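The values are calculated or read from the model by the stated rules, or taken from the named source; none is laboratory data. Being a predicted model, the structure only gives us computed values, none of them experimental. Using ideal geometry, Cβ is built from the backbone for each residue, glycine included, and neighbour counts are taken over all protein chains shown. Only protein heavy atoms, including side chains, enter the accessible area calculation; ligands, DNA and RNA are left aside. Shrake-Rupley method; radii C 1.70, N 1.55, O 1.52, S 1.80 Å.
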Amino acid sequence: MVSYKELGLVNSREMFKKAMEGKYAVPAFNFNNMEQLQAIVSACVETKSPVILQVSSGARKYANQTLLRYMAQGAVEYAKELGCNLPICLHLDHGDTFELCVSCIEMGFSSVMIDGSSLPYEENVALTKKVVDYAHQYDVTVEGELGVLAGIEDDVVAAASVYTSPDMVEDFVKKTGVDSLAISIGTSHGANKFKPEQCTRNADGVLVPPPLRFDILEEIERRIPGFPIVLHGSSSVPQDKVSIINKYGGALKDAVGIPEEQLRKAATSAVCKINIDSDGRLAMTAAIREVFAVKPAEFDPRKYLGPAREALKELYKHKTINVLGSANRVE
Ligand code: G3H
Ligand code: 13P
Ligand code: ZN
């Protein structure tokens, strides 16, 4: 068993306390390879933003759990080398079993999500409480989820969104002892968050999605004041990246995300953590497709992964400065 504290990582408790007081949200960026990690760390160092490195079970299988542990430790050292002692949290994204959460905690994760949102309520409570009781022995923080996001939640496929019921949050938080709660107020995973028929079109013909349910968020805040809320599925799906991908042979159709101004508004509320994965995937893919198309003779991976890493870094800097408000929050 390795403690995250030995790796120089922190749990999310203090991060969320500061985010709540400062009215911003901590970015939770998913990663599974070196270039993504370099981009996240360098962007957060340059903008002085706390950060949550997020690993899904699929990412853990892809990258190997032992390598991931050393990569996270390397991220701490890399940040120091770049001149900033960033608070870095290593978080399991969408953990679906108690055993997976235990295994991650034993490998140095400082925070885990147990996603029982697809289970009947009492089963979600029981599973989440079991994870909390285990995790808290090691000072590892736990995120639970109530309500179901539309789209694909890792292995859990949710056909339709079921908004979080404010009536249930107080009971859930009390019974489980979770440290933060992911809620469903209209965000959704992936690059096609809404069907075109759910959207309107602006003057340029661009799809405009239905607004987030801030009324539900406000009611939840009223029921559990000062409790950290998490938003999954919060990519904005930048249309410039979608256009580059499609220009160079991609086939993304009707890709639409959550408008940035809505995330900006959410970040000033009790929302303390905002999850972004798809936007990073789009930024990398656009950069790589462009190199492949413009320089077809290129075959050194550094020549396409390098530009992809740079594009990712710019994207993450933009998120911390202009969307989440987490920039300049670290001494
Ligand atoms: O919410 C899901 C994340 O974007 C992770 O996706 O399971 O494909 O790694 P993944
Ligand atoms: P996006 O697909 O909107 O980036 O959401 C990522 C996420 O919620 C990871 O848990
Ligand atoms: Zn998610």
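Please verify whether the stretch 50-58 includes one or more residues that are farther than 20 Å from residue 281 by Cβ and in contact with a Leu (Cβ under 9 Å, 6 or more places away or on another chain). So that I can check it myself, show each step before the final result.
To start, the set of residues in the stretch 50-58 that are farther than 20 Å from residue 281 by Cβ comprises 50.
Now restrict to residues that are in contact with a Leu (Cβ under 9 Å, 6 or more places away or on another chain): 50.
Scanning the stretch 50-58 turns up at least one residue that is farther than 20 Å from residue 281 by Cβ and in contact with a Leu (Cβ under 9 Å, 6 or more places away or on another chain).
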Tally of residues being more than 13 Å from ligand 2 (Cβ to nearest atom) and either open to solvent by 50 Å² or more (accessible area, probe 1.4 Å) or under 13 Å from residue 149 (Cβ atoms) (or both) across the stretch 186-209: 10
Is one or more of the residues making up the stretch 282-295 within 16 Å of residue 188 (Cβ to Cβ) and at pLDDT 95 or above? yes
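Can you name the residue in the stretch 52-71 that is more than 16 Å from ligand 1 (Cβ to nearest atom) and of a type outside the set (S, T, N, Q) and, of all such residues, is least open to solvent (accessible area, probe 1.4 Å)? Steps first, answer last, please.
Taking the stretch 52-71 as the starting set, the residues that turn out to be more than 16 Å from ligand 1 (Cβ to nearest atom) are 66, 69-70.
Next cut, of a type outside the set (S, T, N, Q) only: 69-70.
Values: 69: 49, 70: 121 Å².
Among those residues, the one meeting the criterion is 69.
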Return the residues of the stretch 221-237 that are surrounded by fewer than 24 Cβ atoms within 10 Å (Cβ to Cβ) and more than 17 Å from residue 257 (Cα to Cα); say none if nothing qualifies. 221, 222, 223, 224, 225, 226, 227
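On the given criteria, is residue 130 over 21 Å from residue 93 (Cβ atoms) and open to solvent by 80 Å² or more (accessible area, probe 1.4 Å)?
no
Only one of these is touching a residue at least 60 places away in the same chain (Cβ under 8 Å), small (Gly, Ala, Ser) and at positive phi: 280, 233, 205, 257. Name it.
On the way: 280 fails: at positive phi; 205 fails: touching a residue at least 60 places away in the same chain (Cβ under 8 Å); 257 fails: at positive phi.
The conditions single out 233.
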For the stretch 36-51, name all the residues that are open to solvent by 10 Å² or more (accessible area, probe 1.4 Å) and either within 17 Å of the chain's Cα centre (by Cα) or of a type in the set (Phe, Trp, Tyr) (or both). 36, 37, 38
